[in-house]
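Structure, as structure tokens:
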Amino acid sequence: MDLLFTQLLNGLTAGAEYALVAAGLALLFGILQIVNFAHGEFYMLAAFILYVLLAVVGLPYYAAAPLTVLLMACAGVLFYAIVISRVISRPWQIQLISTLALSIVMINLAIVLSGPTPRYVESPLNNVILDLGSVRISAQRVLVLLGTIVSFAALYLGLKYTRTGKAMRAVAQNREAAAVVGIGVPVIGLVTTVVAASFAGLAGALIAPLYAVGPTMAVLVNIKAFAAVIVGGFGNVKGAIVAAFVIGLLEAASTTLISTEYTDAIVFGGMILILLFRPNGLFGKAVRVG
Amino acid sequence: MAVEKEPLLELRDVHAGYGELSILKGVSFGVGGGTVTSVIGANGAGKSTLLKTIFGMLKVREGDVSFEGRSIAALGTVKRLKAGIAIVPQGRCNFPQMTIRENLEMGAYTRSDDGIEADLQHMVDQFPILREKLHLLAGDMSGGQQQMLEMAMALMVRPRVLLLDEPSLGLSPMMIDEVFTSIRSLAEVNGMAIIMVEQNAVQALKISDLGVVIELGRVSATGTGPEMLNDPDIRKAYLGLPVI
């Protein structure tokens, strides 16, 4: 029972990691129809920013974590100006190649700058252990789960009720109609990119203290986030978040019940199974072609 | 029919196009408030391009477009919307996953005054079908109802000039009558200038004060609705009617 509860927490933590990355991917695809292969690398960049702020600059975690999210929002502005704004109205092949190129450049820059040795990020909450009867959980994990829940609630409310959120949904549903009612589509593109990058920033700020930080730390996370986006119904943010947690929990369950060696095979096998029966994903709607 | 002396919207020698392709090659005409104008012409003559140029989705390359006596050629679409020019383009132009109410609110996106709710109520009075479905998703309505919604969305900016691209496309004959009746009454009651592009040229001209024929990017003929309907050349070339 205790093992099960511990694994459930592990699954939720992994799910939160995938969900924070997947939410940004789903936003970029759902609203701007851009597949961002570099999105996982934003998570890696955020983890490195947190590392630098803590280990080099010497800020305390409580200041470094929010600053990481803020700096990632700024990185989102740069990403929009340098990449997205230039490819947003170009064919999908150009979009795909440019984000893939950025991903490769970012990974290799990280290797050049930091070397391949993993680094560890210290958070004071790692050492605070909460005792829940027979189960012990680090406060950092609680922060990950709380931060994820709060940020997704904020995203949901923002998209549903704010003027900009409604405009983002409008652009996602019909870009021409959005322009016709006077929504500045480039502004919405910028806002979407900044929000997506900030979520990757939050992933780095919350989760980096739990795992090793290195240039390729996000490669597998990115693939799992993509799996969540696809299973959730491409471009459906809610679906991607739910699917990300399902993947995290499935991983934890297969690690506990079967073996760590088969974890990825089970997760991706599950994804293939779901797509066989629901080709548009769990929450996707059938798209009429032609 | 009372037509203002000074045209509300005036095009003078307007040139526009896409990339290197020049579509409009010198279009001039003016429309007054409270009038309906039908633009007719063959496919590819530049009718939709004309509406997009008036709305600002395409740049005026030469010539000028003026609204209420002032040039608007340099303004973008948002400023033109705020000035009072709205468009309902061809094809579905609403937000299918939003409710009718949300769609109408999005129609007023460029407004920040507190009269939006009152206008929304006014709109559902004018289009009763929308009132019944205010909380349903736009994508779940029939094509004709969505057309009504899109017109109501455009009206949410309280336009003085309303541009309609094929408002009757894909509608049943009964629905077409209803749409045309609404268009006529919008012009008369609200004093708007309505410019529409319509394949259904005969029916469109019947409710129009002015007909403009576009041929290869230029105006080849203008006249009142009845004049157009009785012109032998136009009957033969554009209306598919026997020459009287």
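What follows is calculated from the coordinates using simple rules that are stated; it is not laboratory data. Quick caveat: nothing in here was measured; it's all calculated off a predicted structure. With ideal geometry, Cβ positions are generated from the backbone for all residues, glycine too; neighbour counts draw on all protein chains shown.
Things worth noting here:
- Inter-chain neighbour count for A:181-187: the average number of beta-carbon atoms from partner chains within 10 Å of each residue's beta-carbon is 6.
- The range A:124-180 - Rg over Rh from alpha carbon coordinates, Kirkwood radius: 1.36
- Neighbour counts of other Cβ atoms within 10 Å put B:Met153, B:Met141, A:Met168 in the fewest-to-most order B:Met141, A:Met168, B:Met153.
- Computed FRET value (nearest 0.05) for B:Arg70 with B:Asn43, which takes r as the C-beta separation and R₀ as 41 Å: 0.75
- Residues within the reach of a label modelled at B:Asp13 (point 7 angstrom out along Cα to beta-carbon, backbone nitrogen below 14 Å), restricted to the range B:61-85, are B:61-65.
- P(r) tail, chain B: Cα-Cα pairs separated by more than 29 Å, 26% of all pairs.
- Mean Cβ count within 10 Å, highest first, over the residues of peptides A:196-203, A:230-237, B:163-170: A:196-203, A:230-237, B:163-170
- Full-extension gain in nm, A:Ile104 to A:Asn127, via 0.36 nm per residue minus C-alpha separation: 4.8 nm
- Spin-label model distance (nm) - A:Leu3 vs B:Gln90, 7 Å beyond Cα toward Cβ: 6.8 nm
- Partner lysines for A:Lys160 [C-alpha distance under 19 Å; skip if fewer than 8 residues away on the same chain]: A:Lys238
- When the inverse distances between all different Cα atoms of the range B:80-185 are averaged and flipped, the Kirkwood radius reads 13.7 angstrom.
- The reciprocal of the average 1/r between distinct C-alpha atoms defines the Kirkwood hydrodynamic radius, which for the range A:147-207 equals 12.3 Å.
- Within chain A, the proportion of C-alpha pairs whose separation exceeds 25 Å stands at 47%.
- In terms of packing, defined here as the mean over residues of other Cβ atoms within 10 angstrom, the peptides B:191-199, A:83-91 line up highest first as B:191-199, A:83-91.
- Cα Rg, Dmax, the range A:87-237, angstrom units: 19.0, 60
- The Cα-based radius of gyration and maximum Cα-Cα distance (Dmax) for the protein assembly as shown are 28.5, 97 Å.
- Rounded to the nearest 0.05, the FRET efficiency derived from the C-beta distance between A:Ala265 and B:Gln97 at R0 = 56 Å is 0.95.
- 28 Å Cα-Cα threshold exceeded, pairs from B:Lys133/B:Lys206; B:Lys206/B:Lys236; B:Lys59/B:Lys82; A:Lys166/B:Lys206: B:Lys133/B:Lys206; A:Lys166/B:Lys206
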